[in-house]
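Visitor: The structure's right below; bear with me while I get my questions together.
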Amino acid sequence: MSRVGTIARRTFLIGSATIAGGVAFGAYMVNRPIPNPLLDDLAEGEAAITPYVKIDANGITLITPRAEMGQGAVALQANLIAEELDIDPASATLTPGMPGLAYYNAATLEEGAAPGYDDSTSTQITRYMFGKVAKLIGLQITGGSSTTPDSFTKLRTAGAVARETLKEAAAQRTGVDRSQLATKDGHVILPNGEEIAYTALAAESALIAPVEDVTLRDPSTWRLLGKPNMKRLDMVAKSTGTEIYGIDCKVDGMVFASVCANPAIGGDIISFDATTAKTMPGVQEIVPVTGGVGVIASNTWYAIQAANAVECVWGPGSYPENSEKMWNVLETAIDNEDYFNDRQRDEGDVAVALETDDIIEAEYRVPYLAHAPMEPMNAIVLVTDTKCEIWSGVQAPIWTRDKAVALTGLAPENVHVYVQQMGGSFGHRAEIKHVEQAVEIAMAVKGTPVKLTWSREEDMTHEFPRPPAIARARGKVSNGQVDTFDLSVSQAAVIPSWLERNSGIAMPGPDPSIAHGSWDQPFTIPNYRVTAYRAPDMVPVSTWRSVGASGNGFMHDTFMDELIHAAGADPLVERVRLCFDGTSRKVMEEVGKISGWDGPSLGENRGRGIAFCMSFGVPVAQVVEVTNTPNGIKIDKAFIVADVGTVLDPKNAEAQLFGGMIYGLGHAINSELTYENYAAQQDNYHANEGLRLFQTPEFEVKILENGHHIRGLGEPGVPPAAPALGNAIFAATGQRIREMPFHKHINFV
Amino acid sequence: MKYPLLVAVILGMGSAVLARETAVEIVPPAEGSVSVEDGLDAWSRVYEVTGHPRCANCHTGPSDRPMWSGPTYGETRPHGMNIQAGESRMGIENLQCSTCHTTKDEDWDNANDIPHAAPRVAMGWQLAPVEADWFGRSTEEICAQLRDPDRNGGRTAIDLAEHLNHDLILHWAWSPGGGREPAPYSLQEHINDILAWGVAGMPCPQD
Amino acid sequence: MEISVNGEKREIDVALDMPLLWVLRDELGIMGPKYGCGIAQCGACTVHIDGMAVRSCQLAVSDLAGGEVTTIEGLGTPDALHAVQEAWIEEQVAQCGYCQSGQIMQAASLLDADPAPSDEKIDAVMSGNLCRCGTYPRIRAAVKSAATKLQET
């Protein structure tokens, strides 16, 4: 069993409990019992247990607490359970369940502890400790590409315990020993071929001790996981307009709302005049909210129109008023000991090595970026004197509940969060400001459910964006090899900003994300140093698909490419030579193989670039081929190779990788948020385009399984995209682009 | 941001189109009353209009691609989304201009107040004909095109003025809404300049 | 005012400038067409009007002028899929899926006009529909396999 399995077993056990007419199987904590969300439904004296599987006479329900944002998390979780439970996952009812501490996600924080290639004992311990913290702060969260590693053992174990307990119930009913029984397709099979449906055994299963001593099946016997025909369970609904996202939810008697809030994020509202808004069609009520004004109307369109018509006097922001001043802050912090965050990589003697005249220097910049998922923020909230109910697509339901508890004064057990399908997130829905606004509006009309929808403009101008960063790099080559690599990164802290705003927890110590994607790369360079400087907080910022690696992947790998070029070495060969991690080397070699790599040149006006970044434990190498046409750069082809240890859902894994790369390419080319008078200047997709279909290259994707850990793929496809493109543009044109978005420096077709 | 209310009087606006058209007067100066010099002055103002992005962005000639410009777009750039007008100049099959630039039944006010939304008028949205190729063209080139009956639809100056009066996309250029910059001068002034230029004998700077 | 959606006459009482999208979603409860941008930049709201693709966020309901509206719900259902929907499922196109109603409506309209579109045509017609998850490679594949399906039937 892998080490992940060891950790998992130490922190949970699988038990069972009686529910009305049936049985629930799931995890409870070993070290300290954690309150259970299902307790409300359990009779007194019954076990506290958080279910992953519920069976009654009517059918089987699988609980998939990690939220569906588009990354295929729900289907993966269902297949993990179903693999061991021997059911068709498509035949089960799927539900995210209610927020509960027992659904905490250890893997999110474990990944923050150490580089993915580091398997030393101390790292194992650190990962374990981070996992404990996750439990203590109730981090039931979807993110950090953590669903796969977090669920891999937990959910298969839940499925296996449920299966064996159902078999035991059948054994006790029939007198046939459990070892003689088999299972298939939701039934226990007797030696004589007779079948007993799980649903018929549910009530009896609840009365016996769960069979906890189970052995997980060997991957070679899997019938669902890892198979090329494994399908997501949401494709029919998503192809017929019948998938219900948060924005599609209906609650009887609901009214519709929208808001206009201070474009200076977190700023106050000094006064407002809603005289015009009140006279507009359908408008029912004007409700002040923190830092803004809400409008209740008889449909969303009326609400948005009226919210736009409210005239507001805004207080100032708490950060520099425009982008120029923000860049100044980053420039002040870089290489300034007063802002030192950490130096997690310091090998050789960089200072001595750079005491020479032939230093290569470069400065890189990455901008604020909006997440801008397709579905704008929305929530339905019903507040009464005794309870609060919330329907919304959120990544952190416990924190969402706690915000509502604080606003309403209700007890936590009287606040219910129903997590909805999300029309994309990319980190956007790890924020819950919109739910807070919806709760405030609903408190003004108690007893009436309020559906709040942000206009696209409200959404994009109230982003908690990816922070900007500046990197300064100095290096040296000798004898055709990279000799010295020194990178300083200046950025405001992401994790503390996000964590404190959403959970109230202040994070002590340095922010590990500032140089994530730079310091933790698996290279050996004689003199190698990465230093992070923590600039003062400016616009409140948040986790954005691949977090720190989204910018660092670009800055680190582009400088690597510059040094390799200066050394006169081959970009692929030299990266492989410098890499000490065998899994990563194979990834780079494989991308060379499938792209037919024989150097960066592809003939006149054509070129290709390679880039590598390990993030969230996943080494990813990408090659981009471009043509420099008379009207601009055209991306012709892209190749991706990654290693995830074990591929559970090949078709979806491929989609996550090319989707991540498309996300990375689009933002590299044309996306940024700039600020004027505290407000984001880009308020809709015309100014934040991302990649469109006609710009999308052909893709070739290959996933390797040499790594020791199982990994998730929601994010690692993003970081190498920008440097691979930039390096290809350099190969085709000789122009080195060191600032995103690239379209400020070169045209694209 | 403020989006003024569209009140329910829109229904009563069936005569709005007519009202707008008749708001412009086509009264050419008397024959012989405009000198060549004054005609060239008039032309220079006409060129300010025809060379302005509000107009030239849809007079892109054989390139088939409308252009975008404005404060948020940086330099003038091709219309996003890979938009192509096709031979019809109204969009290629089933991604017609009208997929987004929907056609209003009536020329009601405020239809284009939302910034960056697709502008719409009470006629089908389209690019100007290929011959009317103005984008990036010099004053001499545009002048030569506009007085060439083979390339201006066989129009006299009065016909050009009538065309300006009837084409509602052209009306939109002077009231684009949504914070967009209108074409220079006013529609009436532009028509007056066209008429004066015509009476002066359609002089061009290269003459 | 009466409008016709998916073959059914529906009575509505709204402001005349209300976009068709919001009439469908909030007044008639037809949730397939999605709100993404409100300014014709994303295509998530695409419906057919008399067979032609139209961004429903850009059409004032009073400008429908008697046109027959078809939403994704009227194109095909889980039990009776349209060929484009079949292709979308087979190619496993969707990730978050939010833009896919619009993508499918745009693709169906394209194939209606051009049963065998070239790669260039697909790139031209499908580039007005934004997908933030990056499903484009499979959209291309699905449009082509849907074209084959439609030619076979």
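The values are calculated or read from the model by the stated rules, or taken from the named source; none is laboratory data. Every value quoted in this text rests on a predicted model; they were computed, and no experiment measured them. No Cβ is skipped: glycine too gets one built from the backbone with ideal geometry, and neighbour counts run over all protein chains shown. SASA here: full protein model, heavy atoms, side chains in, ligands and nucleic acids out. Shrake-Rupley method; radii C 1.70, N 1.55, O 1.52, S 1.80 Å.
Visitor: Take B:Ser63 and B:Glu162, extend 7 Å from each Cα along the Cα→Cβ direction, and tell me the distance between the two endpoints in nm.
Guide: Here the modelled spin labels are 3.2 nm apart.
Visitor: Skipping prolines and chain starts, which residues have an amide H placed within reach, meaning under 5 Å, of the one on A:Ala535, given they are 5 or more residues away or on another chain?
Guide: Hits under the 5 Å cutoff: A:Gln491, A:Ala492, A:Ala493.
Visitor: Give me the Kirkwood hydrodynamic radius of segment B:24-199 in Å, from all C-alpha pairs, to one decimal place?
Guide: Values: mean 1/r = 0.0593 Å⁻¹.
16.9 Å is the Kirkwood radius here.
Visitor: Right, next: Select from chain A the helices, each a whole stretch of DSSP H, whose alpha-carbon atoms run 15 Å or more along the helix axis and whose Kyte-Doolittle mean is at least 0.5; answer none if there are none. Intermediate results must be reported in sequence, preceding the final value.
Guide: Numbers: long enough: A:73-85 (18 Å, 1.02); A:121-136 (23 Å, -0.09); A:147-174 (39 Å, -0.60); A:323-333 (16 Å, -0.46); A:397-408 (16 Å, 0.02); A:433-444 (17 Å, 0.22); A:549-567 (26 Å, 0.02); A:582-595 (20 Å, -0.54); A:650-670 (30 Å, 0.05); A:721-733 (18 Å, 1.21).
Span-like helices here: A:73-85, A:721-733.
Visitor: Pull up the cross-link candidates among the lysines for A:Lys744, meaning alpha carbon to alpha carbon under 23 Å and not fewer than 8 places away within one chain.
Guide: Those lysines meeting the cut-off are A:Lys325, A:Lys634, A:Lys637.
Visitor: Same structure, new question: Once you order the gyration tensor axes a ≥ b ≥ c over the Cα atoms, which shape class does chain A get: rounded for a/c under 1.5, otherwise prolate or oblate by comparing a/b with b/c? Intermediate values should be presented prior to the final figure.
Guide: Numbers: a/c = 1.88, a/b = 1.21, b/c = 1.56.
Verdict is oblate for chain A.
Visitor: Let me ask something else about it. Counting protein heavy atoms only and a 1.4 angstrom probe, how many square angstrom of accessible surface do chains B and A bury in total, to the nearest 100?
Guide: Using a 1.4 Å probe on protein heavy atoms, the buried area is about 1300 Å².
Visitor: Sequence-distant or interchain residues sharing an amide H contact under 5 Å with A:His187, placed H: which?
Guide: Hits under the 5 Å cutoff: A:Tyr198.
Visitor: Whole Å is fine, so just give me how far the alpha carbon centre of segment A:186-223 lies from that of segment A:681-710.
Guide: Result: 42 Å between the Cα centres.
Visitor: Given the pairs A:Lys238/C:Lys34; A:Lys593/A:Lys702; A:Lys387/A:Lys433; A:Lys651/C:Lys144, which are separated by over 22 angstrom at their Cα positions? Intermediate results must be reported in sequence, preceding the final value.
Guide: Values: A:Lys238/C:Lys34 12 Å; A:Lys593/A:Lys702 11 Å; A:Lys387/A:Lys433 20 Å; A:Lys651/C:Lys144 19 Å.
From A:Lys238/C:Lys34; A:Lys593/A:Lys702; A:Lys387/A:Lys433; A:Lys651/C:Lys144, over 22 Å: none.
Visitor: Under 17 Å from a point 7 Å along the Cα-to-Cβ line of A:Asn631: which residues of segment B:26-64 have their amide N that close?
Guide: Once the point is set 7 Å along Cα→Cβ of A:Asn631, B:57-64 turn out to lie under 17 Å by backbone N, inside segment B:26-64.
Visitor: If R₀ is 30 angstrom, what is the calculated FRET efficiency for the pair C:Thr77 and A:Arg217, using the beta carbon separation as r and rounding to 0.05? The partial results should precede the final answer.
Guide: On the way: r = 37 Å, r/R0 = 1.25.
Rounded to the nearest 0.05, the efficiency is 0.20.
Visitor: Let me make sure I get this right: for segment C:2-75, a, b and c are the square roots of the gyration tensor eigenvalues over alpha carbons, sorted descending. Under 1.5 in a/c it's rounded, otherwise prolate if a/b > b/c, else oblate. Which is it? If you can, show how the numbers build up before the last one.
Guide: Details: a/c = 1.40, a/b = 1.17, b/c = 1.20.
Rounded, because the longest to shortest axis ratio a/c is under 1.5.
Visitor: Rounded to the nearest whole Å², what accessible area per residue is found for chain B with the 1.4 Å probe?
Guide: Details: 9510 Å² over 207 residues.
Spelled out: the 1.4 Å probe surface of chain B, per residue, equals 46 Å².
Visitor: Separate question: In Å², nearest 100, what accessible area do chains C and A bury in total when the solvent probe is 1.4 Å? Write out the running numbers ahead of the final one.
Guide: Values: alone 7820 and 27500 Å², together 30570 Å².
Heavy-atom accessible area buried at this interface is about 4700 Å².
Visitor: Next up: For segment C:83-152, what is the convex hull volume of its Cα atoms per residue in Å³? Could you put the intermediate results ahead of the total?
Guide: On the way: hull volume 4.9 nm³, N = 70.
Enclosed volume per residue, from the Cα hull, is 70 Å³.
Visitor: Now a separate question. On full extension of the chain, what length is gained from A:His708 through A:Ala351, given 0.36 nm per residue of separation minus the C-alpha to C-alpha distance? Before the final figure, lay out each step's value.
Guide: On the way: separation 357, 0.36 × 357 = 128.52 nm, distance 3.61 nm.
Contour length minus the Cα-Cα distance gives 124.9 nm.
Visitor: Could you tell me how far the Cα centroid of segment A:342-385 sits from the Cα centroid of segment A:59-97, in Å?
Guide: If we compute the Cα centre of each part, the gap is 34 Å.
Visitor: When a/c is below 1.5 the answer is rounded, else prolate if a/b is larger than b/c, else oblate, so apply that to segment A:595-749 with a ≥ b ≥ c taken from the square roots of the Cα gyration tensor eigenvalues.
Guide: On the way: a/c = 2.08, a/b = 1.24, b/c = 1.68.
Note, shape of segment A:595-749 comes out oblate.
Visitor: Based solely on its DSSP helices, what 222 nm [θ] is calculated for chain A when runs of n ≥ 4 H residues each add -39,500 (n - 2.57) and the sum is averaged over all residues, nearest 500 deg cm²/dmol?
Guide: Details: 20 runs with 228 residues, N = 749.
One gets -9500 deg cm²/dmol as the mean residue ellipticity at 222 nm.
Visitor: At what distance in nm do the modelled label points of A:Glu500 and A:Thr276 sit from each other, each positioned 7 Å from its Cα along Cα→Cβ?
Guide: 3.9
Visitor: Another question, if that's okay. Which residues does a label at A:Ala20 reach in segment A:372-390, if reach means a backbone N under 15 Å from a point 7 Å past the Cα toward the Cβ?
Guide: Taking a point 7 Å out along Cα→Cβ of A:Ala20, no residue of segment A:372-390 has its backbone N under 15 Å.
Visitor: Check the cysteines of chain B one by one and keep only those with no other cysteine Cβ under 4.7 Å from their own.
Guide: Result for chain B is B:Cys55, B:Cys58, B:Cys97, B:Cys100, no neighbouring Cys Cβ within the cutoff.
Visitor: While we're here: Could you grab the relative contact order for segment B:24-199? Cα pairs under 8 Å, six or more apart, rounded to a whole percent.
Guide: Numbers: 275 pairs, mean separation 60.4, N = 176.
In percent, rounded to a whole number, it is 34.
Visitor: Suppose R0 equals 41 Å; then what is the FRET efficiency for A:Ala209 and C:Ala141 from their Cβ-Cβ distance, rounded to the nearest 0.05? If you can, show how the numbers build up before the last one.
Guide: On the way: r = 51 Å, r/R0 = 1.24.
Between A:Ala209 and C:Ala141 the formula returns 0.20.
Visitor: Something else now. Efficiency by 1/(1 + (r/R0)^6): what FRET value for A:Phe580 and A:Glu337, r their Cβ-Cβ distance, R0 = 51 Å, to the nearest 0.05?
Guide: Working: r = 30 Å, r/R0 = 0.59.
Rounded to the nearest 0.05, the efficiency is 0.95.
Visitor: Ok, one more. Give me the percent of the accessible area of chain B that comes from carbon and sulfur atoms, probe 1.4 Å, all protein chains in place. Provide the component values of the computation, followed by the final result.
Guide: Values: 5160 of 9510 Å².
Reported share for carbon and sulfur atoms: 54 percent.
Visitor: State the Cα centre-to-centre distance between segment C:43-99 and segment A:574-598 in whole Å.
Guide: 44
Visitor: To continue, here is another question. How many percent of the accessible area of segment C:83-152 is carbon or sulfur, using a 1.4 Å probe?
Guide: Details: 820 of 1740 Å².
Carbon with sulfur: 47 percent of the solvent-accessible area.
Visitor: Figure the gain on full extension for A:Gln172 and A:Glu698 (residue separation times 0.36 nm, minus the Cα-Cα span) and round it to one decimal in nm. Please report the intermediate quantities before stating the final value.
Guide: Numbers: separation 526, 0.36 × 526 = 189.36 nm, distance 5.79 nm.
Fully extending the segment from A:Gln172 to A:Glu698 adds 183.6 nm.
Visitor: Here's a follow-up. Name the trypsin sites (Lys or Arg not before Pro) in segment A:334-401 that are in a loop by DSSP and that have at most 15 other C-beta atoms within 10 Å, would you?
Guide: Working: sites: A:Arg343, A:Arg345, A:Arg365, A:Lys387, A:Arg401; in loops: A:Lys387.
Hits after loop and neighbour filter: A:Lys387.
Visitor: Relative contact order for segment C:83-152 using alpha-carbon pairs under 8 Å, separation at least 6, rounded to a whole percent?
Guide: Working: 59 pairs, mean separation 36.8, N = 70.
Relative contact order here is 53 percent.
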